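Report on one structure; see the data block that follows.
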Amino acid sequence: MTCLNAFGANSRHSRGTIIKHLEDTGVDDKALQHAVTEELEWAPHVDASRIQVAVHDGVVHLSGHVASLTEKKAANRTIWHLEGVTGVRDDIVVQPAEADRHADEELSRRARQVLDWDAIIPASQIGVATEGGVITLSGTVDEAYQRAEAEQRVQHLAGVVHVENRIVIRPRPEVTAEVGKHVRRALERHSELDSSRIVVDVQGSNVTLSGKVPSYTQRRIAENAAWAAPGVDEVMDLLQVSP
C-alpha cells in the first residue's frame, strides 16, 4: 500500500498528465493514488491538504481530518468516477472549527428545524437525538427518498460529525410483492448501467445486488437506483467492479 498527502509537495504531475497515464498504461495503485490526489486538489469545498490517500488493489483509503461532514462527503464523491477505483474506505474524521461547535441540544434543535421546513419529509414521524455531535434519526416513513432526504438535510448542519440514520420504511404488502420487478426496472432505466450484468435477489423488502459493473460510479448508481424502487427497505451491495 502506498500513501501520499493529498495536496503535498510530492504531487508533481499535472492533473491531465495523471489521467492520461492511467488511460495509456492501465491502472496500478501508485498511478491511481496520484489521480485521486490530483482530483481532491481540484475539488471545490475540499481542503485536500488535510486528507491522506492510500490505495491497495484499487480500493482507495481516505484518512485525515476535515472541518465538516459536508466536506467529508464531498471528498468521498469526488473520486468515484476515476478509472481503476474498485472501492472507497472513508476514515476521514470530522473536526469542526471552534466557531462551528455547538451543544448537542442546539444541534438537535437545528436538525428539528430543518426537517420541519422540508416539504417532502414527514417531520412529525422522525425523532432526533444528538450525542457528541452525532445525530441519530429514528422513526418511520413511507418512502426511501424521505429517509435519504432527512439524512441529507441534517448532515449539512455546521458542527455535525456523523449522522446515524435509523429511520425505517413502513412495510406495504401490496408493494413488497413487486419489489424485484421494481428494482430491475429501475436498473434498466439507467442508460449508464448494463443491467444484464447485475443480479437482483429479493427477500421480502430486502434487496441484494451482485454481479459485476465496470466502475465504482456505476456501482453507486445501481445501489441508489435499488434504494429508490418502491417497497425497498434495505439494500446489500455485493457488486464487484470489473472493467
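The values are calculated or read from the model by the stated rules, or taken from the named source; none is laboratory data. All of these numbers come straight from a predicted model, not from anything done at the bench. Don't worry about glycine lacking a Cβ; one is built from the backbone with ideal geometry, like all the others, and counts go over all protein chains shown.
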inquiry  = Can you go through A48, A6 and tell me which one is at pLDDT below 85, in contact with a Ser or Thr (Cβ under 8 Å, 6 or more places away or on another chain) and not assigned by TED's automatic domain parsing to the domain that holds R220?
reply    = A6
message = Any residue at all in segment 202-212 that's surrounded by fewer than 20 Cβ atoms within 10 Å (Cβ to Cβ), under 21 Å from the mean Cα position of the chain (by Cα) and either in a helix (DSSP H, G or I) or in contact (Cβ under 8 Å) with a residue 40 or more places away in the chain (or both)?
response = no
message = Going through V88, V128, V53 one at a time, which residue ends up being assigned to a strand (DSSP E or B), modelled with pLDDT under 95 and crowded, with 16+ Cβ neighbours inside 10 Å?
response = V88
query = How about segment 158-199: which of its residues are free of Cβ contacts under 8 Å to residues at least 40 places away in the same chain and touching a Lys or Arg at 6+ places or on another chain (Cβ under 8 Å)?
reply = N165, S195, R197
Hits in segment 178-201 (condition: small (G, A, S), surrounded by 13 or more Cβ atoms within 10 Å (Cβ to Cβ) and over 22 Å from the mean Cα position of the chain (by Cα)) = G180
query = Is there a residue being at pLDDT below 85 and out of contact with any Leu (no Cβ under 8 Å at 6 or more places or on another chain) anywhere in segment 210-224?
reply = no
request  = Can you confirm whether segment 102-111 contains a residue that is aliphatic (A, V, I, L, M), touching a residue at least 24 places away in the same chain (Cβ under 8 Å), touching a Ser or Thr at 6+ places or on another chain (Cβ under 9 Å) and not assigned by TED's automatic domain parsing to the domain that holds K30?
outcome  = yes
ask   = Looking at (1) among the aliphatic types (A, V, I, L, M); (2) touching a residue at least 60 places away in the same chain (Cβ under 8 Å); (3) assigned to a loop (DSSP other than H, G, I, E, B), can you tell me which one A148 breaks?
value = (3)
ask   = Would a scan of segment 95-109 turn up a residue that is surrounded by fewer than 18 Cβ atoms within 10 Å (Cβ to Cβ) and within 18 Å of the chain's Cα centre (by Cα)?
value = no
key: Out of E71, E39, sole residue that is surrounded by 20 or more Cβ atoms within 10 Å (Cβ to Cβ) and acidic (D, E)   = E39
query = From the set of residues in segment 160-183 that are of a type in the set (D, E, K, R) and at pLDDT below 90, which is farthest from V128 (Cα to Cα)?
reply = K181
note = Screening E188, E98 for residues that are of a type in the set (D, E), closer than 21 Å to R219 by Cα and modelled with pLDDT under 95 leaves only E188
inquiry  = Going residue by residue through segment 144-159, is there one that turns out to be within 16 Å of the chain's Cα centre (by Cα) and hydroxyl-bearing (S, T, Y)?
reply    = yes
Residues (in contact with an Asp or Glu (Cβ under 8 Å, 6 or more places away or on another chain), farther than 20 Å from V168 by Cβ and not in a loop (DSSP other than H, G, I, E, B)) located in segment 218-243 = Q218, R219, I221, A222
